[in-house]
Amino acid sequence: MTRPLHRDRSLEELERAHWPAPSAEDTRLVATAHTVRRRPIGELAVEDMRLLIGQDIGLPYLLPLALEVLRNNPMAEGDMYEGDLLSAVLTRNPSVRAEFPELGPELRLIVSKLTGLPPDLQQRVERFLAP
């Protein structure tokens, strides 16, 4: 996660990958992901990051941004529920932690300060913290 954050560039530009326009058969989620990938990452809202991270899109660029948000507000909320960005980050495949070794310690610090979490989010935190 030590890539420079070019906040004025989109994931499409950063990844150097242009996705074709979604088809009429694609879901709203797919269409939204296509649209959001074209926005500069510095302009992405919490919901945009939650959606893309939840789909494992742009993780090298979005995880550092998500951590910035979570440092200031661990319970940052997109359109789903309080703490949904944290949940999206916590539930990435364990291989993501191997790929981004800074993620684990940073998230441990963030979640260590949380109390009174909703049961579902508490379970995600506990699974993340488990050895």
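Does segment 105-120 hold any residues that are of a type in the set (Val, Ile, Thr) and either within 17 Å of Glu77 (Cβ to Cβ) or under 20 Å from the mean Cα position of the chain (by Cα) (or both), and which are they?
Answer for segment 105-120, where residues must be of a type in the set (Val, Ile, Thr) and either within 17 Å of Glu77 (Cβ to Cβ) or under 20 Å from the mean Cα position of the chain (by Cα) (or both): Ile110, Val111.
Condition (residue is assigned to a helix (DSSP H, G or I), touching a Phe, Trp or Tyr at 6+ places or on another chain (Cβ under 9 Å) and surrounded by 18 or more Cβ atoms within 10 Å (Cβ to Cβ)) applied to segment 97-104: is it met by at least one residue?
no
Tell me yes or no: at least one residue of segment 83-92 is part of a loop (DSSP other than H, G, I, E, B) and either hydrophobic (A, V, I, L, M, F, W, C) or over 14 Å from the mean Cα position of the chain (by Cα) (or both).
No - not one qualifying residue is present in segment 83-92.
Can you tell me which residue in segment 30-44 is most open to solvent (accessible area, probe 1.4 Å), limited to those that are out of contact with any helix residue (DSSP H, G or I) (no Cβ under 6 Å at 6 or more places or on another chain) and of a type in the set (Val, Ile, Thr)?
Thr35
Taking the conditions exactly as written (open to solvent by 10 Å² or more (accessible area, probe 1.4 Å) and without any contact (Cβ under 8 Å) to a residue 24 or more places away in the chain), does Asn72 satisfy them or not?
Yes.
Just to check your reading of the model, which residue among Arg97, Arg38, Arg7, Arg28 is more than 24 Å from Ala130 (Cα to Cα) and without any contact (Cβ under 8 Å) to a residue 12 or more places away in the chain?
Arg28
When residues of segment 75-90 are filtered for being among the hydroxyl-bearing types (Ser, Thr, Tyr) and open to solvent by 20 Å² or more (accessible area, probe 1.4 Å), how many remain?
Of the residues in segment 75-90, 1 are among the hydroxyl-bearing types (Ser, Thr, Tyr) and open to solvent by 20 Å² or more (accessible area, probe 1.4 Å).
Looking at segment 45-69, which of the residues that are touching a helix residue (DSSP H, G or I) at 6+ places or on another chain (Cβ under 7 Å) and not in a helix (DSSP H, G or I) is least open to solvent (accessible area, probe 1.4 Å)?
This residue is Gly58.
Could you check how many residues of segment 105-131 are surrounded by fewer than 18 Cβ atoms within 10 Å (Cβ to Cβ) and not in a helix (DSSP H, G or I)?
7
The values are calculated or read from the model by the stated rules, or taken from the named source; none is laboratory data. Not measured: the values here are computed from a predicted model. Note: ideal-geometry Cβ built from the backbone for every residue, glycine included; neighbour counts use all protein chains shown. Keep in mind that these areas ignore ligands, DNA and RNA; they rest on the heavy atoms of the full protein, side chains included. Shrake-Rupley method; radii C 1.70, N 1.55, O 1.52, S 1.80 Å.
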